[in-house]
Amino acid sequence: MSSDTALAELRLTTRAEHDRIENILRLTEPMPLERYAAIVSGFDAFLRVWEPRIHAALPARLQGWFRPRRRGGFASADVEWLLDVAGIEPTPFSTGMTAALPLYDLAQVLGSLYVIEGSTLGGRVIAPQLKRTLGLDQGRGASYFHGFGGETGVMWSNFRVLASLEIGESPKNTVRACQSAKRTFAALIDLFAPLAPVQAPAPAESAAPVRIAPALMVAWGEDDEDPDATRPAPLGDDHIDLPVDDAPADGDTIVELPLDEPGDDTIRMPL
């Protein structure tokens with residue numbers, strides 16, 4: 001397993017959550033100032049809880065690395081500017097899931113960091129749009145999405161190197177990082193749920209959600225923390241067992257199947 005496996009798995013296993021939060025926030029679409037203010041209030045609420053927890057969970061040797069990467073102050077400054085200049089009160093948000101995120105080891109911390117560090121890249125597209133459509137800029141309500149400006153790409157590359165080195169080639173660490181990233185996305189999705197667009201109910205689908213690669217789960221072994229984690233099901237050598245009710249229920253479609261035994265004719269079975 002190469003050192004790039006962790007980053008590749010983080011990207012693949014959080015794709016659905018990433019798409020979901022993008023669909024909720026719709027940051028690349030034009031929006032009224034009030035909606036933008038609510039989004040910034042949400043990030044401010046999240047980071048007020050998340051950043052101190054990440055800092056405390058990191059080993060002492062990495063706390064200095066993390067301090068200049070904190071963006072909570074940018075979000076707080078934007079909320080204050082929007083209140084003072086535009087008169088928009090901060091929107092309250094629930095951060096219960098954020099406060100409960102498991103951050104017990106470095107792999108979990110790096111998985112959670114992956115979500116927020118990666119979000120800085122979107123600011124390079126969002127910040128110019130906010131300036132064009134709402135007249136906001138760094139120091140004028142859009143400091144959070146301006147982020148680190150021209151240093152954003154370098155800081156993201158630095159994080160990728162650090163994560164690859166610290167997670168290493170351990171399947172266990174990779175799985176724990178992926179689980180933590182998914183939980184962090186889930187906390188953001190829960191927090192911003194009030195801003196989600198109203199949609200018609202979708203038809204029920206039986207497709208299974210994207211999960212962590214089975215090969216990683218096998219390499220790690222039993223996952224005591226997440227018993228529902230993906231694990232390849234054992235397969236028989238030459239058959240697949242299909243459950244069948246002994247008697248058809250009302251409304252079942254009945255088919256007649258030929259039997260091989262002498263003297264037998266057919267057997268009626270529900271589909």
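The values are calculated or read from the model by the stated rules, or taken from the named source; none is laboratory data. As the structure is a computational prediction, the values presented were derived from the model and not from experiment. Cβ atoms come from the backbone with ideal geometry, glycine included; neighbour counts cover every protein chain shown.
Here are the numbers:
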item: Condition met for VAL40 (touching a Phe, Trp or Tyr at 6+ places or on another chain (Cβ under 9 Å), within 21 Å of PHE192 (Cβ to Cβ) and aliphatic (A, V, I, L, M)); result: yes
item: Candidate set from the range 85-95 (those that are touching a residue at least 12 places away in the same chain (Cβ under 8 Å) and touching a helix residue (DSSP H, G or I) at 6+ places or on another chain (Cβ under 9 Å)); member that is farthest from ILE189 (Cα to Cα); result: ALA86
item: Neighbours by Cβ (under 7 Å, 6+ apart or cross-chain): first from the range 139-154, closer than 21 Å to PHE66 by Cβ; second of a type in the set (S, T, N, Q); result: HIS146/GLN138; GLY147/THR120; PHE148/THR120; THR152/THR120
item: Subset of the range 36-70 [polar (S, T, N, Q) and in contact (Cβ under 8 Å) with a residue 12 or more places away in the chain]; result: SER41
item: The range 65-91: number of residues that are in a loop (DSSP other than H, G, I, E, B), farther than 28 Å from GLN108 by Cβ and not hydrophobic (A, V, I, L, M, F, W, C); result: 4
item: Some residue of the range 115-125 being among the β-branched types (Val, Ile, Thr) and modelled with pLDDT under 95; result: yes
item: Test result for LEU62, under 17 Å from ILE167 (Cα atoms) and either in contact with a Leu (Cβ under 7 Å, 6 or more places away or on another chain) or part of a helix (DSSP H, G or I) (or both); result: yes
item: The listed residue being out of contact with any helix residue (DSSP H, G or I) (no Cβ under 9 Å at 6 or more places or on another chain) and modelled with pLDDT under 95, out of ALA60, ALA8; result: ALA8
item: Those residues of the range 1-16 which are outside any loop (DSSP other than H, G, I, E, B) and closer than 13 Å to ALA181 by Cβ, in sequence order; result: ALA6, LEU7, ALA8, GLU9, LEU10, ARG11, LEU12, THR13, ARG15, ALA16
item: Residues that are among the hydrophobic types (A, V, I, L, M, F, W, C) and outside any helix (DSSP H, G or I), drawn from the range 17-59; result: LEU27, MET31, LEU58
item: Output for the range 132-160, where each listed residue is within 22 Å of ALA45 (Cα to Cα) and hydrophobic (A, V, I, L, M, F, W, C); result: LEU136, ALA142, PHE145, PHE148
